[in-house]
1. Rounded to the nearest whole Å³, what is the per residue volume of the convex hull around the Cα atoms of the chain?
2. Would segment 140-273 count as rounded, prolate or oblate if I go by the C-alpha gyration tensor, calling it rounded below 1.5 in a/c and otherwise prolate when a/b exceeds b/c, oblate otherwise?
3. Between Phe109 and residues 5 or more places away or on another chain, which pairs have amide H atoms under 5 Å apart, with H built 1.01 Å from N, and which residues are they?
4. Among the lysines, which fall within straight-line cross-link reach of Lys70, defined as a Cα-Cα distance under 30 Å, with same-chain neighbours fewer than 8 residues apart omitted?
5. Taking the Cα centre as origin and putting +1 on Lys and Arg beta-carbons and -1 on Asp and Glu beta-carbons, what dipole magnitude results for the chain, to the nearest 20 debye?
6. Which FRET efficiency, nearest 0.05, do Asp183 and Glu414 yield, Cβ-Cβ r, R0 41 Å?
7. Starting at the first residue of segment 98-111, write each ³J(HN,Hα) from the Karplus equation 6.51 cos²θ - 1.76 cosθ + 1.60 with θ = phi - 60°, in whole Hz, x for Gly and Pro.
8. Using only Cα atoms, find the angle between the long axis of helix 412-428 and the longest principal axis of the chain, and express it within 0 to 90 degrees, rounded to the nearest 10.
Amino acid sequence: MTNFQIVVTGIFIFFIAVGVILFATFGKGGNTDSIGRVEIWGSVSQEVMDEAIKKLNETDDRAYREVIYKEFENANFNQELAEAIASGTGPDAFVLPQDLIIKHESKIFPIPYETYQLRDFKDKFIEEGELYLTSTGILAFPFMVDPMVMYWNRDIFSANGVSTPPKSWEEFFALSQKITKKDDTFNIFTGLIGLGDYRNIVHAKEIISTLIMQAGNPIVTRDEDGLGITLNDSFGKQIPPAVEAIDFYTQFSNPVKTIYTWNRALPDSKKFFLANDLALYLGFASELPELRSLNPNLNFDVTTLPQAENGNVVTYGNMYALAVVKASDNPGGAYGAILALTDDSILSAVAENTGLPPVSRTLLSVPTNDPYLDIFYKSALFSKGWLDPNKEETDTIFKEMIDSILAGRKKTTEAIRQASEEMKIMVEN
């Protein structure tokens, strides 16, 4: 056995030993004494977390009386977290979005499966939560999910004699000709959906990611050797999944295609939808109150994201989980607080407070009478994400990939190959 293997084995045994102690103390649902001071940081709203902690104290005001939360602006959080941990003034736990798993993995105390069983994790949380699993333990415990859904303008559909929104992407070819209104110089007055470009499509990266995952490509995989970039892989198909997905996406902005319904001269997709000029808007469940507020007269409804008839059932989900900080002075207390905050009673209260679906399979199995939540619940069950090495850099890579195709600088296969190579370099460095 090499020195490196001895060190790795020693670290692994250490984590298991500490994990067993943590489980003995907190694994049965908390104890009657205070878990000590536990400070949690994140970009989730202060109100949401304060209400969750308040609910926690109603269940046991002795054990959790020193659990506190501090909200940070999303733009500043990563830097402030890193600097605080480096200086020894960081939190005991933090809220970890799924697209920052790789960025913050080194800061996390993973919970070994000897402490929290893998079977229990999979039984409790929706599938997207498995992004937080590694071969040796759990990086974080799912707390909230915000799935992508499709908002549709009922007036536009009714005016064009269409009674229901599309369930599959294949329906869009005929639907675009019915709904899109344009002149002979390709100016668009009423659009079907914001797809095809990148710069003025809100959530373009998430939409493209969804199409690629629906086509059967996970984009990034993880194994014992690290991260693998699969963007350019064919998966045994004659047309590689990413090529199929991006060819479909970009044709919406191609004037020579019958499905043409978008161009760069238009406002961004959310503004065009709010102006009553776009039939469909792909956004997140959390945007419902904002859409209502910004245009109270807009007659719209919500449904699940369209799927490919022969593809995987997928919608993109923004997930938020709770992780123990490796440098915490109170990792046991942090783990105890996280176990309590991800109890179904708390997760149910969080869902009610936010209007978002819970991350618990048990809670999602309970029918809801709210027509919007019914869609959000269904969407949460098939929400997915991917292990983004660096969300800012991959956003630039995706943008250049689409821009190069639309400008004719590269064929789809060439653009995807270059994007894949750039992501591989990012991972290797």
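Bear in mind that the values in this text are calculations on the coordinates, not laboratory data. None of these values were measured; they are calculated from a predicted model. No Cβ is skipped: glycine too gets one built from the backbone with ideal geometry, and neighbour counts run over all protein chains shown.
1. 157 Å³
2. On the way: a/c = 2.15, a/b = 1.70, b/c = 1.26.
Taking the square roots of the gyration eigenvalues as a ≥ b ≥ c, segment 140-273 is prolate.
3. Distant-sequence amide H within range of Phe109: Val324, Val325, Lys326.
4. List returned: Lys28, Lys54, Lys55, Lys103, Lys107, Lys122, Lys124, Lys205, Lys326, Lys384, Lys391.
5. Working: 37 positive and 58 negative charges, 164 e Å.
In debye, rounded to 20, the chain gives about 780.
6. Working: r = 33 Å, r/R0 = 0.82.
Rounded to the nearest 0.05, the efficiency is 0.75.
7. Those phi angles translate into 5, 8, 10, 4, 5, 4, 10, 4, 5, 8, 9, 8, x, 8 Hz.
8. 20 degrees
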